[in-house]
Amino acid sequence: MSYKYTKLAYPYSALEPVIDAKTMEVHHDKHFKGYCEKYNKAVAETKFAELDVAEVLSRLDEVPSDKLTAIRNNGGGTYNHHLFWDCMQPGGAKEPSGELGQLIEAKFGSFSDFKEKFEAAGAGQFGSGWVWLVVKDGELEILSTPNQDCPISKGYTPLLGNDVWEHAYYLKYQNRRADYLKEWWKVVNWDVVAERLQAAK
Ligand code: MN3
């Protein structure tokens, strides 16, 4: 179904000083809105018009070739950013606990080892893209994807994602992507990530 664009659920300034208000405003109200509008236009009048964007991204092999690029890029841009705003809600747990915490320790050794690997994957993504914590068959993994490609299209369920396009950090961090990746942990709401893990079951 077409994606219903809504205002950001918290103030643009809520993630200061990690992400500045101007970056949030332009990122949400210009970049994200643009993906939503282009996605809705691309799926209109196709058999995918009635499906959730996540389902469409899991079935890209069925998308007609003349719509594939638009739906892949803008559907990914829509879903990926929706998840991004959601995982950065102010407040909530600053570290994973419970089952999620245990899975992270079992897979990566410790929370700080996990963060290091995630930051390295984000810094190592050449050009624009995303870095993800995903789950598949109960197993966690760190992935990076180029452009707006979504892990859903490869059969993974994304739990957490950081946007490493320059538009996400350039005003405040310029070329220092690694610094942005390191600071970003301060705005992740791990309660939301834990809910996503439960929903993935
Ligand atoms: Mn973005």
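Some notes on this structure:
- Wholly within the range 97-201, strands (runs of 3 or more DSSP E) carrying at least 3 residues that are of a type in the set (A, V, I, L, M, F, W, C): 129-136, 139-146
- Residues that are open to solvent by 60 Å² or more (accessible area, probe 1.4 Å) and under 18 Å from Q198 (Cα atoms), drawn from the range 102-135: Q102, E105, A106, K107
- The range 28-49, residues that are within 15 Å of the ligand (Cβ to nearest atom) and of a type in the set (D, E): D29, E37
- Residue in the range 81-101 that is open to solvent by 60 Å² or more (accessible area, probe 1.4 Å) and within 21 Å of G129 (Cα to Cα) present: yes
- Hits in the range 1-23 (condition: open to solvent by 50 Å² or more (accessible area, probe 1.4 Å), away from the ligand (no atom under 16 Å from the Cβ) and in a helix (DSSP H, G or I)): S13
- The condition of being open to solvent by 30 Å² or more (accessible area, probe 1.4 Å), under 19 Å from the mean Cα position of the chain (by Cα) and at pLDDT 95 or above holds for only one of V26, V56, that being V26.
- Residues satisfying the stated conditions in the range 143-162, i.e. away from the ligand (no atom under 16 Å from the Cβ), touching a residue at least 12 places away in the same chain (Cβ under 8 Å) and under 23 Å from A70 (Cβ atoms): I152, S153, G155, Y156
Conditions (1) more than 16 Å from the ligand (Cβ to nearest atom); (2) closer than 23 Å to Y39 by Cβ, marked per residue:
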position: E99; (1), (2): yes, no
position: E141; (1), (2): yes, no
position: V164; (1), (2): no, yes
position: K172; (1), (2): no, no
position: R176; (1), (2): yes, no
position: E183; (1), (2): yes, no
position: V187; (1), (2): no, no
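The values are calculated or read from the model by the stated rules, or taken from the named source; none is laboratory data. Here the structure is a predicted model, which is why all the values come from computation and not from measurement. Heads up, the Cβs are rebuilt from the backbone with ideal geometry, glycines too, and the neighbour counts pull from every protein chain shown. Accessible surface areas use protein heavy atoms only, side chains included; no ligands, DNA or RNA. Shrake-Rupley method; radii C 1.70, N 1.55, O 1.52, S 1.80 Å.
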